[in-house]
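Taking it in order: structure first as structure tokens, then the write-up.
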Amino acid sequence: MPFANIRISKGSRILHGWYIHPIPSEMSIKDFFTKLVNKEISPECNIAIVSSEEIERVELSETLTSVAIRVSLNCGIIELTTSVGIHIHYRLKTDDIISASVPRQNGFTILMQNACRSQLHLPIFPQSDKVNRKQMLRNDLVDWIHNHGGGWSSQSYANTQGKQFIINLTEAVWYIDMRNHKKLEERSCHIPECFLKFFDRADPESYKQSRKSFDANELNLYCQALAPYATSSWMLMTNFNWLRDAFDNFIVAISNYVRFLQRQRDITAVNHASESPVRSIDEATTVKIHKRNIWITPVDKTKYYHLEQLLTNLPLWKPVDLEEYLPIDPVYVCKNNILKLISIQF
């Protein structure tokens with residue numbers, strides 16, 4: 001099934017961060033947007049946008065860093081994503097007119113609201129004397145948010161939304177770290193620099209485990225668990241400005257690597273089903289001839305010097321044909337010898 005990487009913004013606000021959605025059938029760019037916000041496509045994302053929002057323009061690009069091209073709302077989405085690129089950015093029209101019905105607030109009310117907003121709260125996790133590496137990662141993520149002035153408006157909100165966010169982020173980072181996060185970098189799926197400090201902590205060997213390979217389905221589940229937070233109401237608050245773009249790029253890096261794993265899986269399946277070899281014998285076979293090892297360490301040379309001299313000075317061995325000395329019936333001779341042994345013992 002074809003897919004597209006979608007982002008929706010309104011002015012400077014990101015309403016829906018980059019997220020890969022399936023394209024069930026050919027339809028216009030506008031119809032896809034309507035089905036997406038009406039939850040007919042990817043209902044698990046719970047996009048908080050009404051279908052009455054007016055689209056100002058749509059931009060399409062081959063990669064996230066390449067130049068974006070404006071496209072018509074009436075263009076077919078599958079045809080565009082196949083020929084131009086899968087990254088689609090919906091830009092909505094901003095509300096230029098402020099409703100006159102909104103009541104004006106006095107200065108004291110504004111000061112009180114700002115004071116309430118400044119009292120930010122962090123999720124509370126149970127602590128124990130013995131903390132493992134994964135729990136240390138979780139605690140460091142909480143401290144990281146605190147040190148950057150982040151937090152949630154109430155303790156109950158922090159212990160629900162905030163706690164679940166920290167848990168999901170910890171699980172995603174730990175999963176990637178257990179399977180080597182550098183594999184993402186090798187495929188140009190760059191993890192934002194501010195997240196790199198939380199990697200190289202998981203050590204599978206210390207758990208008597210080998211590093212497992214990435215699984216596209218498993219990694220996609222972690223990506224889907226993180227994606228809704230990019231457009232949650234608290235992430236759009238000013239106290240999370242420092243995290244918003246980096247978190248968005250982190251999700252993009254994971255989703256791009258998921259796509260790479262899915263492509264590799266499809267290629268492997270096709271190759272396994274093929275009746276003809278993918279490569280010829282000449283291409284699949286390599287022969288490397290190594291030079292013989294003539295280097296002898298000084299320690300070994302001294303150690304075996306006397307043995308070498310002794311063997312050199314000994315006369316050559318004279319080969320002797322033992323055929324004439326062998327018994328005619330070895331089985332019979334062996335049987336008699338065993339009977340003699342038994343009689344001697346008893």
- [ ] Please state which one of R7, R91, R70 is touching a residue at least 12 places away in the same chain (Cβ under 8 Å), surrounded by fewer than 12 Cβ atoms within 10 Å (Cβ to Cβ) and in contact with a strand residue (DSSP E or B) (Cβ under 7 Å, 6 or more places away or on another chain).
- [x] R70
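Against the condition assigned to a loop (DSSP other than H, G, I, E, B), free of Cβ contacts under 8 Å to residues at least 40 places away in the same chain and of a type outside the set (F, W, Y), how does S206 come out, does it pass?
no
Going through A230, A246 one at a time, which residue ends up being under 21 Å from E193 (Cβ atoms), surrounded by fewer than 17 Cβ atoms within 10 Å (Cβ to Cβ), in contact with a Phe, Trp or Tyr (Cβ under 8 Å, 6 or more places away or on another chain) and not β-branched (V, I, T)? If you could, list the steps in order and put the result at the bottom.
Values: A230 fails: surrounded by fewer than 17 Cβ atoms within 10 Å (Cβ to Cβ).
Checking each option against the conditions leaves just A246.
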Open item on the list: Condition (residue is assigned to a loop (DSSP other than H, G, I, E, B) and either within 20 Å of E218 (Cα to Cα) or polar (S, T, N, Q) (or both)) applied to the range 151-166: is it met by at least one residue?
Closed with: yes
- [ ] Working carefully through the options N147, N220, N180, N256, find the one that is of a type in the set (S, T, N, Q) and within 27 Å of H121 (Cβ to Cβ).
- [x] N147
Task: Selection from the range 260-291 of residues that are surrounded by 10 or more Cβ atoms within 10 Å (Cβ to Cβ) and either among the aromatic types (F, W, Y) or not in a helix (DSSP H, G or I) (or both) - done: F260, P277, V278
TODO: For the range 250-268, state whether one or more residues are in contact (Cβ under 8 Å) with a residue 40 or more places away in the chain, more than 26 Å from I20 (Cβ to Cβ) and assigned by TED's automatic domain parsing to the domain that holds I145.
DONE: no
Task: Residue count, the range 187-203 (criterion: under 15 Å from the mean Cα position of the chain (by Cα), assigned to a helix (DSSP H, G or I) and more than 23 Å from T65 (Cβ to Cβ)) - done: 1
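The values are calculated or read from the model by the stated rules, or taken from the named source; none is laboratory data. Every value quoted in this text rests on a predicted model; they were computed, and no experiment measured them. A quick note on method: Cβ atoms are made from the backbone with ideal geometry, for glycine too, and the neighbour counts reach across all protein chains shown.
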